[in-house]
Ligand code: ADP
Ligand code: MG
């Protein structure tokens, strides 16, 4: 930011550092993305006309606003391109603020985006309009830009001028300026074609066909666009191409195709029309801060607010679109929108419409649903947490990996329930940092043997969603690392074949003694040591006390807060595993007690390591070395 130095009536300003960087990037940007400069300036003209139309409808003194139009005028001999609008114009202060000095986070965000995308593909300058710095794209085709403007609130105007290097100036404009703004581009030598009529025609046709004001070729010239609002048309009369173009118009994205769209219409009890889009990518995943969210809100075709947050909940923030209602007063103020009944009812209808749309998509086009879910599923999970009224509805759309699924497959809660064996009551899940480690958890053994499916929760937000949900279709959601785990009864047919290791002798031989020795060795490292009913092969596993948070939840809470207390857990040991059986036999002789206790410590340590924690590494290392020494002693050098 800089202060102006007054020289006569002319004031000089330097651009804020980030804007300088931005200008540098733009003036060296790719040749083929340059069309967007014209598009952005037309879009600004259209915004200024929106505001003027609003003012003319709400302020008595401005009732006669004249023709709300845009004129685009090229001059090939002068090498200039002029874009003129009869919008609200700018005062001197507004010029300074909007075009140059006040810190605008948009330029920083945009630069960040450009640097981020530079690694993966070529930077996509065409996104500039989304960051609220579209005006500066003028310097892609011009080496000097002049802005002559008169605000509807003032009798005389101002002229802003810059060569896009480091500074700009503001001077009182000579002569009588009409209300509105005129941007004069002095075209670069390699951009003079922008002064030609065919270029103007082409750009308006490609990018600005949805601008709702006439765009004329020269003062009083022919109108280049047809300005028809597609959302008031019946759905079956709007073509796919029109939907796509409208999306590109709304998003300032010249060649992106939305993943899907939704056209809603109702006449009672409230009249509204809406067109909503899902973009193909989730920008938040590229490390951006949370997207601004909101839809364009129109009252009887007049744009009232361009990013109305009250129309959608935060978890549907991926949507782009427009809502138009005849039941809204024009002068609805931003502050009261939230409490406005019409807005609230439209919001409810939009949520329902979008969730229904996603249901249908999942059913009719699973491939496309996957393309949607992969980037945006995380927002739906947030929805389960945040939207109690629609919790089950949103949960229906979630997908999880599972112990049953093939690599990469994902299952819905409905599909899980549909294939539950008879007798299974709850829905089982297990959380962990990634699929590979969850799939290896010893807690799964009994589930595998009994053919019970377990959902794998590997995204940190999964557990928050599942915990918020608690039940789905009346079925409890249960983490399988909980101590009070209830398994369905074993069907009679399976009871008859006892597993060899479950014979009573296996248990009798000192198992209770082993439990005691383990308890003594582990002390308050664990809450208790118990016999396990869930293990078939592994010697032990850790489970959580009844009603306590799951292991993964504890891990997440610990990541968020380092002081989160380590909860003590229950160590379950498996009497039928060969190691535990052998320890049972050894326990008959008191000489082996020290060894059994060392084994207890090591087994507990192993279980912790499987969960990503390594307690007391020095003890661990020295213990394992002792074990190895003992094992080595027992080997005879004579046997090869
Ligand atoms: P955005 O349009 O996203 O706000 P821009 O960089 O395109 O970002 O424009 C910055 C601001 O400059 C606009 O918000 C608006 O206040 C002002 N502005 C730009 N062009 C015009 C215009 N033709 N008439 C009135 N104001 C304008
Ligand atoms: Mg703009």
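Every number in this text was worked out from the coordinates using simple rules, so none of it is lab data. A quick note: this is a predicted structure, and the numbers were derived from the prediction, not measured. Ideal geometry is used to build each Cβ from the backbone, glycine not excepted, and the neighbour counts take in all protein chains shown.
Some notes on this structure:
- Percent RCO, i.e. relative contact order, over the chain, from Cα pairs under 8 Å lying at least 6 residues apart: 8 percent
- Using a simple spin-label model with pseudo-atoms 7 Å out from Cα toward Cβ, residue 631 and residue 239 lie 7.3 nm apart.
- Inter-label distance for residue 24 and residue 306, nm, one decimal - labels placed 7 Å from Cα along Cα-to-Cβ: 2.8 nm
- C-alpha center-to-center spacing [the range 585-640, the range 535-550] in angstrom: 22 Å
- Computed from Cα atoms, the angle from the helix 36-58 axis to the main principal axis of the chain rounds to 80 degrees.
- Residue separation of residue 476 and residue 206 scaled by 0.36 nm, minus their Cα-Cα distance, works out to 91.8 nm of gained length.
- Cα gyration tensor category, rounded, prolate or oblate, for the range 145-231 with a/c compared to 1.5: oblate
- Degrees separating the helix 240-251 axis from the principal Cα axis of the chain, which is the longest one: 90 degrees
- Tilt relative to the chain, helix 197-207 - C-alpha long axis, 0 to 90 degrees, to 10: 30 degrees
- Inter-label distance for residue 386 and residue 98, nm, one decimal - labels placed 7 Å from Cα along Cα-to-Cβ: 3.1 nm
- Segment residue 528-residue 349, length gained on full extension (0.36 nm per residue, minus Cα span): 59.2 nm
- Taking 481, 359 and counting other C-beta atoms within 10 Å, the order from fewest to most: 359, 481
- Antiparallel DSSP beta bridges within the chain, percent to nearest 5: 75 percent
- For the range 206-333, DSSP calls about 80 percent of its internal beta bridges antiparallel.
- Residue-averaged 222 nm ellipticity for the chain, from DSSP H runs of 4+ at -39500 (n - 2.57), nearest 500: -11000 deg cm²/dmol
- Ordering of 466-475, 427-436 by burial proxy (mean other Cβ atoms within 10 Å per residue, highest first): 427-436, 466-475
- Least to most buried among 167, 509 (fewest other Cβ within 10 Å first): 167, 509
- For the range 242-263 versus the range 154-204, the inter-centroid distance based on Cα atoms is 29 Å.
- Among 595, 139, the order by Cβ neighbours within 10 angstrom, fewest to most, reads 595, 139.
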